[in-house]
Structure formats: structure tokens, C-alpha cells
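The structure under discussion appears below in the form of C-alpha cells.
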Amino acid sequence: MITVIGTFLAVLFMSMAAYCLSRSNFRFKGILTFFIFFPTLFSGGLVPSYIINTQYLHLTDRLAALILPSLINVFHIIMLRTFFKQLPEALFEAAKIDGASEYHIFFKLVLPLSKPVIATVAFLSALAKWNEWYNAMLYIRDDKLVPLQYLLQRMMMNLRALLDAMQNAPAMVNIQDLPGENLRMAMLVVAIGPMLLIFPLFQKYFVRGMTVGAVKG
């Protein structure tokens, strides 16, 4: 659920922001560009973000804590903006002559023509959401809300601590009987299995979306 909802919201908001940045007649283009790209150069760090998410947004023990803090990726916005800027300007002018609004142009014209880069961003966002465990470590205390990746991370940390303790403890249990590489391989299959299944759905768009949208315009 976190992966599906997070990917949908990420693609929606990043594509809308990229569309605004790609339009030369957007009034607040400079302000929005500064607002998006400035944090990539100067970040406030972990402590301010933790205080905002816990004390002001009250995201502790909520699934929104696993979706909202990592919703926007600036590199993905650059990819989308570059692709949108390559669309012919005549399409937008013809749509406006026909009376189409900006929302209608975006959803009915721009998105259907941008399937390669949309699919690429969707797959990269889904992969990031699926592998997300750090925010769960910071904001999730309820075991019922712990995502799969953080659960696997905790299992590996507990196993490592157990193996370290057995090195210095009396030989009551044979260390060879404890799960080691077998558990790691099983966790690897559980962690990457779903992504391997959905990758063929995006494969035909992936290369084109990466090559076309990766050139900064």
C-alpha cells in the first residue's frame, strides 16, 4: 500500500511541478525553481526535518510518515521537465484555441504523450518506496505499521547481535546452527522479488525515458 500510494502521489506531484517549470508563461516559475532546487544545495539536516515531522505534522506512527517525507525527487522533476519542454509548442497553442484549460492540457495531452518518462519515474519511485526503511526507523513505533524492509533490517540486526554475543558466550549453542547466509538469501528474494516481477511492465519505456529525460534543459 505504501509503494502504490507513494508512487501515485510522487508521479502526480512531480509531473505537475515539472509541467509548471516547463511552461515559459508560468508567472512564478523562478520562485518555484528556487524553492525546489535550493534544498539540494543546502539541506537543513535530520534534526529540523525530524522536529517538523513529529512536532508540527504529527506523523509519528502514521503511514504518511513513510510517504510524505520522501515524496519529491528533484532529479525526477528535471527528467520530467526536460521531456515536457520537448513537446511541440503548437500542441499547447491548438489546445488553448479549442478552449482547453491548463488542467485539461496536462491530463489529456501532456501525460498521454509522456508515457516513457512517466513510466521511468514511476518505476524509480516505486523502487525507492519499496526499499524505504529509514523513515520507518525514525517515525514508526507501532509494530503493526512496520513495513517489510524495516522488518528485514531489524531481523538482520538482531541476527548480527546474536552472532556477536555467541562469540563471547559459553558454547551452549552451536553457531553453525544459527541462520546466516541462508537467511540473507531468503531476505534478498523477499526484498527484490516483487520489483523483478513488475520491471518487465516498464522495460519498454525505461531506456527511452532515461535517455530523453536525463539531459538537462
Next item on the list: With a probe of 1.4 Å, find how much accessible area region 1-58 has per residue, and write the answer as a whole number in Å².
Entry: 68
Checklist line | Of the trypsin sites (Lys or Arg not before Pro) in region 30-88, those whose Cβ has at most 16 other Cβ within 10 Å and which sit in DSSP loop | finding: 62
Margin query: With every protein chain kept in place and ligands, DNA and RNA left out, what is the accessible area per residue of region 97-161? Probe 1.4 Å, answer in Å².
Written below: 54
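Determine the dipole magnitude for region 1-118: charges of +1 sit on the beta-carbon of Lys and Arg, -1 on that of Asp and Glu, nothing else is charged, the reference point is the Cα centre, and the result goes in debye to the nearest 20. Write out the running numbers ahead of the final one.
On the way: 9 positive and 5 negative charges, 26 e Å.
Charge dipole of region 1-118: 120 debye, to the nearest 20.
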Item checked: Sequence ranges 16-24, 38-46, ranked by mean other-Cβ count within 10 angstrom, highest first -> 16-24, 38-46
Notebook entry, point to check: How much length is gained if the chain between residue 33 and residue 46 is pulled fully straight, taking 0.36 nm per residue apart and subtracting their Cα-Cα distance, in nm to one decimal?
Noted result: 2.4 nm
Checklist line | Packing-based order for 127-134, 30-37, using average beta carbon neighbours within 10 Å, highest first | finding: 127-134, 30-37
Margin query: Please compare each pair in 85/115; 115/144; 85/129 to a cut-off of 25 Å on the Cα-Cα distance and tell me which ones are over it.
Written below: 115/144; 85/129
Next item on the list: Measure off, as a whole percent, the carbon and sulfur share of the 1.4 Å-probe accessible area of region 1-114, all protein chains present.
Entry: 69
Notebook entry, point to check: Once the piece of chain linking residue 93 and residue 195 is laid out straight, how much longer is it, given 0.36 nm per residue of separation minus the C-alpha distance between them?
Noted result: 32.7 nm
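The values are calculated or read from the model by the stated rules, or taken from the named source; none is laboratory data. Just so it is clear, the structure is predicted and the values come from calculations on it, not from any experiment. For neighbour counting, all protein chains shown are included, and Cβ atoms are generated from backbone atoms with ideal geometry for every residue, glycine included. When the accessible area is computed, the model is the full protein with side chains, heavy atoms only, and any ligands, DNA or RNA have been set aside. Shrake-Rupley method; radii C 1.70, N 1.55, O 1.52, S 1.80 Å.
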